[in-house]
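Worksheet for the structure shown next.
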Ligand code: FES
């Protein structure tokens, strides 16, 4: 854990989807898949963001509120102040694994997949879901890593028409996986946790919450089901959602 604020310049900005931008900074940190950093906008707010890559540090930010609107206006050369990394990381099992990301929830799952050696990434199946084809993030990135990628859209504009949970249920009925990792809407992760529990498969989820003290575990703002998400999480075993 690093509580010292660091300032880095934005080296490049990628448009991932109409709502999501990737910011690559001229800074590197030591972090594990699943961990996050706190970005500080002086005089305004401080928010947690999952790490896509630690070196150079890459963050993927969806425009979902006032803080992220300000971040989305930042350009190459602008400065970002952050502290971290914080939180617990994924316990990565060897063998066939299944990653399920709802929308920009794929961020920590991408870090997980990229931390696995290239020759073993063929054992990774990724299910990415979004409302429409345009909103599907990281599909090309996961394919470039060598993972098998399946997509779902609510409107059927790409891949399976329906929810990630439906596709996941089908996959778990047909194939054997050593572990399941999921990040996205709570309702999706609950269903994934239930499916994994029924099949007796190791499952971890990345919980999202409102953070205030972010990483210190002292304010209680982030508690979900009595769990201190900023410190004990954000990665938990799926059974906490059962
Ligand atoms: S944000 Fe303060 S305890 Fe988690």
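Annotations for the structure displayed:
- Sum of -39500 (n - 2.57) over DSSP H runs of 4+, divided by residues of the chain (222 nm, nearest 500): -6000 deg cm²/dmol
- In nm, spacing of pseudo-spin labels at residue 74 and residue 173 (7 Å Cα→C-beta vector): 4.5
- Cα gyration tensor shape for the range 180-222, rounded if a/c is under 1.5, else prolate or oblate: prolate
- Each residue in 51, 201 was given a count of other beta-carbon atoms within 10 angstrom of its own, and listing them fewest first yields 201, 51.
- Of the residues 181, 104, 5, 110, the one with the fewest other Cβ atoms within 10 Å heads the list, and the complete ranking is 5, 104, 110, 181.
- Computed over the alpha-carbon atoms, the range 17-146 gives an Rg to Rh ratio of 0.96, Rh here being the Kirkwood radius from the mean inverse distance.
- Between 0 and 90°, nearest 10: helix 164-174 axis offset from the chain longest Cα axis: 40
- Working from the Cα coordinates of the chain, the gyration tensor eigenvalues give, after taking √(5λ), semi-axes of 28, 20, 17 Å in decreasing order.
- Stretching residue 212 away from residue 200 to a fully extended chain increases their span by 0.8 nm, per 0.36 nm per residue minus the current alpha-carbon distance.
- Sorting 203, 213 by the number of Cβ atoms found within 10 Å of their own Cβ, with the fewest placed first, yields 213, 203.
- Considering only alpha-carbon pairs that sit under 8 angstrom and 6 or more positions apart, the relative contact order computed for the chain is 18 percent.
- Whole-number D in µm²/s for the range 6-86 (Stokes-Einstein; Kirkwood sum over Cα pairs; 20 °C, 1.002 mPa s): 172
- Over all pairs of different C-alpha atoms, the range 118-208 has a mean inverse distance whose reciprocal, the Kirkwood radius, equals 13.6 Å.
Bear in mind that the values in this text are calculations on the coordinates, not laboratory data. Given the structure is predicted, the values throughout are model-derived calculations rather than measurements. Heads up, the Cβs are rebuilt from the backbone with ideal geometry, glycines too, and the neighbour counts pull from every protein chain shown.
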